[in-house]
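The values are calculated or read from the model by the stated rules, or taken from the named source; none is laboratory data. Note that the structure is predicted; figures quoted are calculated from it, not measured. Heads up, the Cβs are rebuilt from the backbone with ideal geometry, glycines too, and the neighbour counts pull from every protein chain shown.
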Amino acid sequence: MEAIGTGTVEARTLPRCAGVLLGMLLATLLAAVLLLGPSAPQRAFAQQEHGAEAPGAAAEANGASAKPPGVATQAQHEAGHEGNIELPNWVSLLREHAGLPPRAARYLGMFENSIFAMSAGLVLTVLCLLVFRRLSEMPGRPQAFAELIVETVDNMVKVVMGPRGRHYTPFVGTLFLYLLFMNYSGLIPLAKAPTSSWVNNVSLSLCVFLYVQFTGIRKNGPWGYFKHLCGSPQDVVGWALSPLMLFLEIFGELIKPVSLSLRLFGNIFGEDMLLAIFAILGVAALSVLRLPIGLPLHFPFMLLSMLLGFIQAMVFSLLSTVYISLMLPHEEHGHEGQHEGQAGRGGHVRHAALDAQGNAGHGGERVASVGAAQPAITK
Amino acid sequence: MNLLGLALPLGVGLAALGSALGLGKAVSGAMEAMGRQPEAIGQIQTAMIIGAAFIEALTIYALLVVILLMGKLG
């Protein structure tokens, strides 16, 4: 991994990234200016204060359209956000300015997030197909980069679950890449991050929820799964408390997808709103000139949202990994003397992580010594 | 005028205060551990990020409440 991330690559990559980012920035600003017009921001803010009565251009800035009021409010309700500011994207532009019939515009508004989610998935699929169409023993740059990603995700999963986590790497990795693409599509001009709507995140976290339950039933067996939900009782006291534990565990399982999706939604939605607000502020700052230009006030927040998008994608996939690993059977740790032989299947995170580290070739000596010292610690 | 206008930012501020205390404690612990065992940085970072996500979620919930109630302002 170190060999790939050398300075020579970075020296050429950074200016390119900066160029792409600058282009994105200018295009976003241009789009905001085109849509809002030089003097629109004041009206937008005024309309924010006065509720949804103001017609015309102010309503456009607000993400609502020039549709009849009833349709607009209904569409806003379905989209789950009312009165929020967001940067224009091509679907909303089409909806508001293409003169579509109200019904078509409404359907377009309902499928706005799905369109962007599917296009993110499509881009990801095409990229993967392009890279993996011709695999070779001597990887070129695209393949090396793909392998780097796969290896990183694999290591991430292994740290949480141990070597047996490799089975779940495809699921977690797909989740991670898909989320990353969706989060980053909020940075592309005339696109939005579909993860800034709750519905999209709920569907993803429901996938995770169902997969976790499926994994639990398959790995534990139906009876073992039930016992796990009862808190894995060992003795009479455990069985006596099991109804309470059953209730708690089921509640805990159900609350997981809710918190998972709310976290992603809150982060990405807040970040998108921040971008939009500062873009509008930048336009408002120069609106006295009556020119279609604006200050790039939202530039630092674009950098921030690049970081946040990555972290949130990682957090979502990491937490899914943790949920899966919590559902797996608690295997016996094995006697410490058999550590070398057992660790491959051992459920203990620490053992497994140490083992993975040993496999990676980092400080094998140290790992061995820690493994030898383990009996003293655990006893 | 409207007390909600005062309550919403205050609520987020309080939630952020609690999260900040928790995050500070978590990250300082992780940093200490990293300093003591530099070879385990990867694992510590993973665990830290998971914990930070859980802590941060609390502020996000407060923020969500604010966003939901923002329509009632004014």
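Structure notes:
- Of all residues in the range B:31-57 being without any contact (Cβ under 8 Å) to a residue 12 or more places away in the chain and under 16 Å from the mean Cα position of the chain (by Cα), the one that is surrounded by the most Cβ atoms within 10 Å (Cβ to Cβ): B:A53
- Subset of the range A:248-272 (residues that are within 12 Å of another protein chain (Cβ to nearest Cβ), of a type in the set (A, V, I, L, M, F, W, C) and more than 14 Å from the chain's Cα centre (by Cα)): A:I255, A:V258
- From B:E39, B:E32, residue being charged (D, E, K, R) and over 21 Å from A:V160 (Cβ atoms): B:E32
- Selection within the range A:185-205 - surrounded by fewer than 18 Cβ atoms within 10 Å (Cβ to Cβ) and either at pLDDT 90 or above or farther than 14 Å from A:G266 by Cα (or both): A:I188, A:L190, A:S203
- Filter result (closer than 15 Å to B:L68 by Cα and in contact with an Asp or Glu (Cβ under 7 Å, 6 or more places away or on another chain)) within the range B:2-21: none
- Some residue of the range A:206-214 being crowded, with 20+ Cβ neighbours inside 10 Å and outside any helix (DSSP H, G or I): no
- On inspection, A:L295 does not qualify as crowded, with 21+ Cβ neighbours inside 10 Å and at pLDDT 75 or above.
- Qualifying position, being more than 13 Å from chain B (Cβ to nearest Cβ) and on the phi > 0 side of the Ramachandran plot, among A:G224, A:G294, A:G238, A:G231: A:G231
- A:V236 being among the aliphatic types (A, V, I, L, M) and more than 22 Å from B:I67 (Cβ to Cβ): yes
- Across the range B:14-29, the number of residues qualifying as farther than 10 Å from B:T59 by Cβ, free of Cβ contacts under 8 Å to residues at least 24 places away in the same chain and either touching a strand residue (DSSP E or B) at 6+ places or on another chain (Cβ under 6 Å) or of a type outside the set (K, R) (or both) comes to 4.
- Every listed requirement among (1) within 20 Å of A:S259 (Cα to Cα); (2) surrounded by fewer than 21 Cβ atoms within 10 Å (Cβ to Cβ) is met by A:P170 save one, (1).
- For the range B:33-67, residues that are closer than 13 Å to A:L262 by Cα, out of contact with any Leu (no Cβ under 9 Å at 6 or more places or on another chain) and more than 9 Å from chain A (Cβ to nearest Cβ) total 1.
- Residue tally, condition closer than 25 Å to B:Y61 by Cα and among the aliphatic types (A, V, I, L, M), over the range A:267-287: 6
- When we screen A:M306, A:M314, A:M245 for residues that are under 20 Å from A:Y184 (Cα atoms), at pLDDT 85 or above and away from chain B (no Cβ under 14 Å), the only hit is A:M306.
- Residue in the range A:143-150 that is more than 24 Å from A:S203 (Cα to Cα), of a type in the set (F, W, Y) and modelled with pLDDT of 80 or more present: yes
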